[in-house]
1. Suppose we filter LEU38, LEU56 for residues that are in a loop (DSSP other than H, G, I, E, B), within 12 Å of the ligand (Cβ to nearest atom) and touching a residue at least 12 places away in the same chain (Cβ under 8 Å); which single one remains?
2. Scan ALA217, ALA221 and give me the residue that is open to solvent by less than 10 Å² (accessible area, probe 1.4 Å), within 16 Å of the ligand (Cβ to nearest atom) and under 16 Å from the mean Cα position of the chain (by Cα).
3. Answer yes or no: is there a residue in the range 74-95 that is farther than 23 Å from ALA181 by Cα, assigned to a helix (DSSP H, G or I) and among the small types (Gly, Ala, Ser).
4. Look at THR80 and say whether it is closer than 30 Å to GLY25 by Cβ, open to solvent by less than 20 Å² (accessible area, probe 1.4 Å) and of a type in the set (S, T, N, Q).
5. Just for the range 181-214: of the residues that are at pLDDT below 85 and within 25 Å of LEU56 (Cα to Cα), which one is farthest from the ligand (Cβ to nearest atom)?
6. May I ask you to say which residue of ALA72, ALA119, ALA115 is in contact with a His (Cβ under 6 Å, 6 or more places away or on another chain) and either closer than 20 Å to VAL156 by Cα or free of Cβ contacts under 8 Å to residues at least 24 places away in the same chain (or both)?
7. Answer yes or no: is there a residue in the range 95-104 that is in contact (Cβ under 8 Å) with a residue 40 or more places away in the chain, aromatic (Phe, Trp, Tyr), more than 16 Å from the ligand (Cβ to nearest atom) and under 27 Å from VAL126 (Cβ atoms).
8. Counting just the residues of the range 192-212 that are touching a residue at least 24 places away in the same chain (Cβ under 8 Å) and farther than 19 Å from LEU30 by Cα, which one comes out most open to solvent (accessible area, probe 1.4 Å)?
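The values are calculated or read from the model by the stated rules, or taken from the named source; none is laboratory data. Only a predicted model underlies this, so the values are computations on that prediction, with no experimental measurement involved. Glycine also receives a Cβ, built like all others from the backbone with ideal geometry; neighbour counts cover every protein chain displayed. These area figures cover heavy atoms from the full protein model, side chains too; ligands, DNA and RNA do not enter into them. Shrake-Rupley method; radii C 1.70, N 1.55, O 1.52, S 1.80 Å.
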Amino acid sequence: MFHLSELVFRYPGPRPARPTIDLSGVRLDLPISGTLVLLGESGSGKTTLLSLLGLLWDRPAESGELTYGGVAPARGDTRTRAILRRSEFGFVLQSAFLLPHFTVSQNVAVPLELAGIDAASIRERVGHLLGAAGLSDLARRRARTLSGGQRQRVAVLRALAHDPRVVFADEPVSNLDRQNAEVVLDLLARWRLGSLFERQERRDRLLVLVSHSLRQARKIADGEGMALLLHEGRLVGGRPYPLAQIDDATIYRATESGLEPGTGPQVSAAEVSP
Ligand SMILES: Nc1ncnc2c1ncn2[C@@H]1O[C@H](COP(=O)(O)OP(=O)(O)OP(=O)(O)O)[C@@H](O)[C@H]1O
């Protein structure tokens, strides 16, 4: 469970007029299950909120509280953040930060090595993942020689390799052609639902997804899922909505009229517990 309470965040540097993320008055409990889509116009704070949830900022929020599994790493506690990130989370960020001089296999193996898994099991799992992504032929290629689409597939495998509890994906298919996009979406869905690793439990993984496209988000979430709709760093309606209850007109109304949390867009907001 993520728990957020009154979270306010500003980037360091010249103090902007308003915080980048302003969840004053908002308390959220987000279970580790299903898909959580961060929606909103460009600059609304989606990537920033994703990086806060992913504990990528060693500088904590300006005020408020964020805990994961009951743990709130203290200011400056970079070690706890790093341990949680590498054991519990996987990241597919906008630029695929692969290790350029490592091979494809070595890149995918990184989280498994960090987890201290034995060499034979790593080889087996990496082979399985490369096969699932159609990358077996490229196992020995240096990452720097890959195309953009290949690189993104490797980045997704690396994010999923240790079967993390939460995967954060920031526009994971926005720069991909249809074929590569299908592969990436399929891998994310199979990880979440367990079939990628023959995991029985289907409901204990969370995909946090940033997307510009409601249609794409719906597809990835498989018709289910919750959405946080951001506008200028604030949470429209002050709560998550079922993805199925949001349409493009809702997003347009919310972002055009600058609705404050609480006044909400015209979604039929049945009390929702995400
Ligand atoms: N490292 C940074 N330092 C200072 N300001 C930043 C930084 N990163 C982002 N911002 C600012 O924070 C605001 C929110 O940015 P963010 O990237 O979270 O938005 P977004 O909704 O993900 O946008 P997009 O859809 O265009 O990716 C923007 O005004 C942006 O200029």
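1. It is LEU56.
2. ALA217
3. yes
4. Criteria not met by THR80.
5. Step by step, filter the range 181-214, then rank; the result is ARG203.
6. Residue meeting the stated conditions: ALA115.
7. For the range 95-104, residues in contact (Cβ under 8 Å) with a residue 40 or more places away in the chain, aromatic (Phe, Trp, Tyr), more than 16 Å from the ligand (Cβ to nearest atom) and under 27 Å from VAL126 (Cβ atoms): present.
8. HIS212
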